[in-house]
Amino acid sequence: MAGGPGSYVFGAEEKKELMDVIESGNLFRYGTPGVDGFQAKVATFEKEMAERLGHKHVVATSSGTGSLMCCLAALGIGMGDEVIVPGYTFIASIATIAMMNATPILAEVDDSLTIDPTKIEALITPKTKAIMPVHMLGNPCDMDAIMAIAKKHDLYVIEDCCQAVGASYKGKRVGTIGNMGAYSLNVFKTITTGDGGFVGTSDDTLYERAFGFHDQGHKPSRMGVEVGNRSMVGMNMRMNELAGAVALAQGRKLDGILETLRAKKKALKDQLQGIPGLGFRKINDAGECATLLTLLFDTQEMAAKFCEKAGTAPIANSGWHVYNNMEQILEKKMWTDNHPFHNCDAHYAKHMLPQTDDILLRAVNISVGVVDKGLGSGTGININSTDAEIAQVAKNIRAIIESL
Ligand SMILES: *Cc1c(COP(=O)(O)O)cnc(C)c1O
């Protein structure tokens, strides 16, 4: 089965929450608690997730992509603005910036596979409004360095936490360090509702704007009289009660899932120590999600040979998350074919990020909790793997490397 760890641990809890909603007959997120059996699953999920992560506010949404758009809209990022985003990320990080009519500026990643803070300042121009660090593959970005740059240049920070729900950096959950965090509940993420997401912030004004953008300009929770009270034009990116029910049950499992993944990843990694030519990507904080183990070979040749024998591919060739493989943005396609309203000078060419290219050609993902061929992690273990299965996978990897 492909998917994230949350999808491997569905059980009685999700069923119960879902049945509550079905039996109540109220599938829409709005209602009056206690009236007609309304269950308020979405609102309860928002409240619990805000408390769990340390946000003052959470807005549940229909996707991580929608969540990113809510953040950009809340911060007023649009035409003429530039946002710095890593070249190794899911297309949605880049696409949402473009769809707000702003310009994505692609940055290098370092050997943590997250944005390289030492390469950010050279990309800052008078048009730069924000940095969008992506906590890629569950690994928190180097937030101290990023926040220092943002402060120095007066930039907003939108944390793309779509692959890192629940991760923490220096004791703080990701998404609570910058101005806003965007999270996904898609099936390939840490916890899931199939599709879904949420936005977190502790700023009242940003919360109100994000909420409005996600719900046709309404004030939070549509409290009070809506007509005559709408301050903005918005979209519909609401979560419904069915998704809210699953989100609630999955949210309550989040910390347990992370604890299990960290233990399984440690067991796998411990058994792969001391192999000549093999290292691992840098982990910026032990509070990472541990959804994947990324092997980092000394040379591209060694990674290529390993992948050939293991039936996998280095991240560079694994598909989805590498700018070189995003034909929809390369050579101005994003501005012409896909987004005809926007015309800008930004130009994305293959191999424009040589440091990222080199690292991704040496990096190979092994699944721990996220089993996803599109990430290059079609092989490895999953959250339910036993100690014996983990030992077998480690043995196979070691044998392949030692035979090269
Ligand atoms: C999955 C993902 C998104 C988008 O989330 P969806 O819920 O699929 O819309 C955005 N950014 C990153 C880094 C992601 O991995």
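The values are calculated or read from the model by the stated rules, or taken from the named source; none is laboratory data. Note that the coordinates shown come from a computational prediction; the quantities given were computed from them, not determined experimentally. For neighbour counting, all protein chains shown are included, and Cβ atoms are generated from backbone atoms with ideal geometry for every residue, glycine included. Note: areas computed on protein heavy atoms with side chains; ligands, DNA, RNA excluded. Shrake-Rupley method; radii C 1.70, N 1.55, O 1.52, S 1.80 Å.
Listed values, structure above:
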read-out: Enumeration of residues in region 220-253 that are open to solvent by 30 Å² or more (accessible area, probe 1.4 Å) and under 21 Å from MET100 (Cα atoms); value: ARG230, SER231, MET232, VAL233, MET235, ASN236, ARG238
read-out: Residue check for LYS350: open to solvent by 20 Å² or more (accessible area, probe 1.4 Å), under 30 Å from ASN101 (Cα atoms) and in contact with a Leu (Cβ under 8 Å, 6 or more places away or on another chain); value: yes
read-out: Looking only at region 376-400, and only at residues there that are open to solvent by less than 10 Å² (accessible area, probe 1.4 Å) and in contact with a strand residue (DSSP E or B) (Cβ under 6 Å, 6 or more places away or on another chain), the one that is nearest to ARG262 (Cα to Cα); value: SER377
read-out: Filtered residues of region 195-211 (kept if within 12 Å of the ligand (Cβ to nearest atom) and out of contact with any strand residue (DSSP E or B) (no Cβ under 8 Å at 6 or more places or on another chain)); value: ASP195
read-out: Out of LYS152, LYS170, sole residue that is touching a helix residue (DSSP H, G or I) at 6+ places or on another chain (Cβ under 8 Å), over 16 Å from ALA73 (Cα atoms) and either away from the ligand (no atom under 16 Å from the Cβ) or basic (Lys, Arg) (or both); value: LYS170
read-out: Some residue of region 185-193 being under 23 Å from THR128 (Cα atoms) and within 14 Å of the ligand (Cβ to nearest atom); value: no
read-out: Answer residue from region 360-373, given it is farther than 15 Å from CYS307 by Cα and open to solvent by 10 Å² or more (accessible area, probe 1.4 Å) and is modelled with the highest pLDDT among those; value: VAL371
read-out: Residue that is nearest to the ligand (Cβ to nearest atom), among those in region 130-149 that are closer than 17 Å to LEU261 by Cα and among the aliphatic types (A, V, I, L, M); value: MET136
read-out: Hits in region 267-303 (condition: open to solvent by 10 Å² or more (accessible area, probe 1.4 Å), hydrophobic (A, V, I, L, M, F, W, C) and touching a strand residue (DSSP E or B) at 6+ places or on another chain (Cβ under 7 Å)); value: LEU278, PHE280, LEU296
read-out: Residue count, region 304-323 (criterion: open to solvent by 20 Å² or more (accessible area, probe 1.4 Å) and in a helix (DSSP H, G or I)); value: 6
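Residues checked against (1) away from the ligand (no atom under 16 Å from the Cβ); (2) touching a Pro at 6+ places or on another chain (Cβ under 9 Å):
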residue	(1), (2)
MET19	yes, no
ILE22	yes, no
ALA40	yes, yes
SER67	no, no
CYS70	no, no
